[in-house]
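Colleague: Below is one structure. I have some questions about it.
Just so it is clear, none of the values below were taken in a lab; they were calculated from the coordinates. Here the structure is a predicted model, which means the values were calculated and not measured. Note that each Cβ is placed from the backbone with ideal geometry, even for glycine, and that neighbours are counted across all protein chains shown.
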Amino acid sequence: MTTFYRITLCAFILFVSLAGFSQANPKHPSEAATTVVVDATHAPQKILHSRLQIPVTSGELTLVYPEWIPGEHGPTGPIVDMTGLEFFANGQRITWRRDLKDMFTFHLTVPPGVTTLEARLDLVLPAPPEGFSSGASATERMDVVSWNQLVLYKPERPTDHINFSASLKLPDGWHYGTALPVENENNGQINFKTVSLTELVDSPVITGRHFRHIPLTPEGPIQHFIEIASDSDAALQMPPETVDEYKHLIAETGALYGARHYRDYHFLLSLSDHVAHFGLEHHESSDDRVGERTMIDDDDRWLAAGLLPHEMTHSWNGKYRRPAGLATPDYQQPMEGDLLWVYEGLTQYLGYILTARSGLWTKQQFLDEAAETAAALDHIPGRSWRPLQDTADAAQILYNALPEFGNWRRGVDFYPEGFLIWLDVDTAIRQKTNGQKSMNDFCHIFHGGQNTPPMVKPYNFDEVVNTLNQVVPNDWRKFLRDRLDTYGPGAPLGGITNGGWKLVYDENPSELTKVLERARQVVDARFSIGLALNDKGEIHDVIMNSVAWNAGIAPGMVLVAVNGRKFTPDILREALKAGKGNGPNLDLLVLNGDFYKSHALNYHDGEKYAHLVRDESKPDILSDIIKPLAGAAAGRN
Ligand SMILES: [Zn+2]
């Protein structure tokens, strides 16, 4: 019954969205918009002030603070940082009481004759750069304003039917970028057009003193921009070749999907070491946050190259097409993550191939990423108890899981394993049709159609299966369920082998492994002795049943010495080399809390790093998949 209700409601939202994107509910024709004025002039002091004027009638009133944040797939609204809450009616203060069972809900009584309630609240911005949009967002020089953190609303109807008129005050000299349409600017205050609460929350604002606005498609017809805020002017200087690659990305998304579902598109790119690092998708923009020097450092730019293609893909796969369980009518109803292997997993796949097709990755960089993904997932013993489906079902708790015991617990594996599963689907389609059809055809049917403004078309598992059958008939239901419900033992590598490549291990780290080790100050000994640690010896994970695990080593311990000598990454690597074949056992001295213990590892296979190598007995489908599709660019590699 819940499902039926939700689908019916979503179909209704779809109709209204098509009609007007934020049309007032005819049952309340006279209700005015809520106004919200956000004062961000104190953002460097890590506090935002919000003042709302909410249309009300007298009597009991319930207001809610957004809890389930779209794209974050969990109850991540930063309720604990919502402070300074006060209500006023006709200048008189009104008391409130929080709901005892729902921390995001507030009850108050509106006096007779009052039609507008003023609400004041502050958002304090936590300093640690952790979490998604509830993590650190403001620095001395920049901020990202997420409207869901600054509003209250009446939970009486879908957020598509609640109108908001927002305004924003910025520190002197700060610039801004957003997909939210602007009405006008007055005395340093930006007044935005009245929109639905859905559109407001979907349209964050990036702002800062060091700012760059890069038009990617000035020739039109649809405009695309990168809007960058940074902690320095130097960091804004993305190389011109990179700007060209992002232009290719726009062309490649057009070729892949065949239609766009936004009026214009804005990458809101934060470059700072003091904000949380993540990407959050929206219909007409994405909130993309990386380290300050990412765009001017070759290694960092490589490691971050997949971010913008991933987040932009969500405009089609996640926003326009959304699993029914994630297409909730407001921000209070819990979300259901069972189809996140499509929402995130297919986005991971399409994001990777778009990164390669755009030139943001070379072919070898794509192969290195695919090898790393495949090898990492092939060393996840946790799949013996938790099938991939449960990583999606449990996403709302797994996003916050610690890395320790990640290989046994499993994390949000529907991202990387989604890449493998959809690669498997793509190669299967290409094999069955002799290369005539591919996932490109699926995307045209599922995500394309006509250009439209933002709208939501919910889907379920059956529609995914039926669309695949439209591309080429097959038992896709069984194909997918076999990969979603399996207990292993290994990762689904069919896409790699059918794509004409093999996953192999040798003693030479790939360029990607070297860059990752350097950039993240880690040592990757997962595929040899089963250890993932940092360059201080702190052990993040030990693969269950690996040589290190069987010797008694666990996550959270610290590797102090190797064969009697103080640990450094080089000392460990050299000891692995020296122990190969007939060499000595490996003796690891480990600190567990206050206790030292020596562990002997009977290991003689040397270092092991993952690579993809060509299987000449099969056609090279993988290379075909990453060839550019778009017009003139199709001749590029
Ligand atoms: Zn995503």
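Colleague: Kirkwood hydrodynamic radius (Cα pairs, Å) of segment 305-383?
Modeller: Numbers: mean 1/r = 0.0710 Å⁻¹.
Over segment 305-383, the inverse of the mean reciprocal pair distance is 14.1 Å.
Colleague: Strictly greater than 24 Å: what percent of every Cα pair in segment 198-297 meets that? Display every interim value, and only then the final one.
Modeller: Working: 1081 of 4950 pairs.
When every Cα pair of segment 198-297 is considered, 22 percent fall beyond 24 Å.
Colleague: Report, in deg cm²/dmol and to the nearest 500, the calculated mean residue ellipticity at 222 nm for the chain, where each DSSP H run with n ≥ 4 adds -39500 (n - 2.57) and the sum is divided by the residue count.
Modeller: Working: 20 runs with 178 residues, N = 637.
That calculation yields -8000 deg cm²/dmol at 222 nm.
Colleague: Same structure again: Could you calculate, for segment 479-595, the ratio of the Cα radius of gyration to the Kirkwood radius, expressed as Rg to Rh? Display every interim value, and only then the final one.
Modeller: Values: Rg = 16.7 Å, Rh = 16.1 Å.
Computed over Cα atoms, the ratio is 1.03.
Colleague: Also, I was wondering about something else. If you look at just the Cα atoms of segment 503-571, how large are its Rg and its Dmax in Å?
Modeller: Taking only Cα atoms of segment 503-571, I get Rg and Dmax of 12.0, 35 Å.
Colleague: Here's another thing I want to ask about it. Would you list 298, 620, 541 from fewest to most Cβ contacts within 10 Å?
Modeller: Working: 298 9, 620 13, 541 25.
Ascending number of Cβ neighbours within 10 Å: 298, 620, 541.
Colleague: Right, another one. How much length, in nm to one decimal, is gained on full extension between residue 554 and residue 298, taken as 0.36 nm per residue of separation minus their Cα-Cα distance? Please list the in-between numbers first.
Modeller: Working: separation 256, 0.36 × 256 = 92.16 nm, distance 3.48 nm.
This chain segment gains 88.7 nm when fully extended.
Colleague: Here is a further query. Sorted by average packing, counted as other Cβ atoms within 10 angstrom per residue and highest first, what order do 352-359, 45-52 take?
Modeller: On the way: 352-359: 25.8, 45-52: 19.0.
Put in order of decreasing packing, that is 352-359, 45-52.
Colleague: Would you please put 142-148, 573-579, 399-405 in order of how densely packed they are, using the mean number of other Cβ atoms within 10 angstrom per residue and starting with the highest? Show your work: numbers first, answer last.
Modeller: Values: 142-148: 25.7, 573-579: 17.7, 399-405: 14.0.
The packing order, highest mean first, is 142-148, 573-579, 399-405.
Colleague: Just the number, please: percent antiparallel of the DSSP beta bridges in segment 229-352, rounded to the nearest 5. Can you show the working numbers first?
Modeller: Working: 4 of 13 bridges.
Given both bridge residues lie in segment 229-352, the antiparallel proportion sits at roughly 30 percent.
Colleague: On to the next question. Might you report the magnitude of the Cβ-based charge dipole of segment 321-448 about its Cα centre, with Lys and Arg at +1 and Asp and Glu at -1, to the nearest 20 debye?
Modeller: Values: 11 positive and 16 negative charges, 81 e Å.
That gives segment 321-448 a dipole magnitude of about 400 debye.
Colleague: A further question follows. Where the centre of each part is set by its Cα atoms, how far does segment 124-144 sit from segment 261-323, in angstrom?
Modeller: 16 Å
Colleague: Less than 15 Å Cβ to Cβ from residue 170, Lys/Arg counted +1 and Asp/Glu -1: what total charge do the surrounding residues give?
Modeller: Within the 15 Å Cβ shell, the charges total -3.
Colleague: Give the distance, in whole Å, between the Cα centre of segment 421-485 and the Cα centre of segment 62-94.
Modeller: Answer, in whole Å: 40.
Colleague: What do you get when you divide the Cα radius of gyration of segment 86-221 by 2.2 N^0.38 Å, with N the number of residues? Kindly include the intermediate steps, with their values, before the conclusion.
Modeller: Details: Rg = 17.7 Å, N = 136, 2.2 N^0.38 = 14.2 Å.
Ratio of Cα Rg to 2.2 N^0.38 Å: 1.24.
Colleague: Go ahead and run the numbers for FRET between residue 613 and residue 474, Cβ-Cβ distance against an R0 of 41 Å, rounding to 0.05. Can you show the working numbers first?
Modeller: Details: r = 29 Å, r/R0 = 0.70.
For residue 613 and residue 474, the calculated efficiency is 0.90.
Colleague: Considering the dipole of the chain built from charges on the beta carbon (Lys and Arg +1, Asp and Glu -1) around the Cα centre, which of 316, 427, 218 is farthest to its positive end?
Modeller: Result: 427, furthest along the dipole toward the positive end.
Colleague: Sticking with this one: Under 9 Å from the Cβ of residue 483, count the other residues' Cβ atoms, weight Lys and Arg +1, Asp and Glu -1, and hand me the total. Let's see the in-between values first.
Modeller: On the way: positive: 481; negative: 417, 424, 482, 485.
Combined, the nearby Lys, Arg, Asp and Glu give -3.
Colleague: Which of rounded, prolate or oblate describes segment 381-500 when judged by the alpha-carbon gyration tensor and an a/c cut-off of 1.5?
Modeller: Working: a/c = 2.30, a/b = 1.40, b/c = 1.64.
In terms of gyration-tensor shape, oblate.
Colleague: Turning to a different aspect of this structure: Can you tell me the dipole magnitude for the chain around its Cα centre, using point charges on the Cβ only (Lys, Arg +1; Asp, Glu -1), in Debye to the nearest 20? Let's see the in-between values first.
Modeller: On the way: 56 positive and 80 negative charges, 167 e Å.
The dipole of the chain has a size of about 800 debye.
Colleague: Still on this structure: Please give me the summed charge of the neighbours of residue 445: other residues whose Cβ is under 14 Å from its Cβ, Lys and Arg +1, Asp and Glu -1. Write down the numbers at each step before the final one.
Modeller: Numbers: positive: 321, 437, 457; negative: 441, 463.
Taking every other residue near residue 445 into account, the sum is +1.
Colleague: I'd like to verify something in the chain: which complete DSSP H helices, judged by Cα projection on the helix axis, reach 15 Å or more and average at least 1.0 on the Kyte-Doolittle scale?
Modeller: Details: long enough: 2-20 (27 Å, 1.58); 240-257 (26 Å, -0.40); 345-357 (18 Å, 0.38); 363-377 (21 Å, -0.18); 416-432 (24 Å, -0.04); 461-471 (16 Å, 0.09).
Result, helices passing both filters: 2-20.
Colleague: Take peptides 555-565, 192-202 and line them up by average Cβ neighbours within 10 Å, highest first, as a rough protection proxy. It would help to have the intermediate numbers written out before the result.
Modeller: Details: 555-565: 17.2, 192-202: 22.4.
Top to bottom by mean Cβ count within 10 Å: 192-202, 555-565.
Colleague: While we're on this one: I'd like the projected area of segment 65-152, averaged over all directions, using the convex hull of its alpha carbons. Report it in nm² with one decimal. Intermediate values should be presented prior to the final figure.
Modeller: Numbers: hull surface 28.8 nm².
The orientation-averaged projected area of the Cα hull of segment 65-152 comes to 7.2 nm².
Colleague: Here is a further query. If you put +1 on each Lys and Arg Cβ and -1 on each Asp and Glu Cβ, how big is the dipole of segment 510-637 around its Cα centre, in Debye rounded to 20? List each step's numbers first, then the result.
Modeller: Numbers: 16 positive and 16 negative charges, 35 e Å.
So the magnitude is around 160 debye.
Colleague: Rg to Rh for segment 472-536: what is it, with Cα atoms only and Rh by Kirkwood?
Modeller: Here the Rg-to-Rh quotient is 1.12.
Colleague: Under 18 Å Cα-Cα from residue 437, which aspartates and glutamates qualify once same-chain neighbours fewer than 8 residues away are excluded?
Modeller: Cross-link targets: 252, 424, 426, 475, 620, 624.
Colleague: State whether the chain is rounded, prolate or oblate according to the following rule on the C-alpha gyration tensor (a ≥ b ≥ c being the square roots of its eigenvalues): a/c under 1.5 gives rounded; otherwise a/b larger than b/c gives prolate, and the remaining case gives oblate.
Modeller: Values: a/c = 1.79, a/b = 1.47, b/c = 1.22.
Verdict is prolate for the chain.
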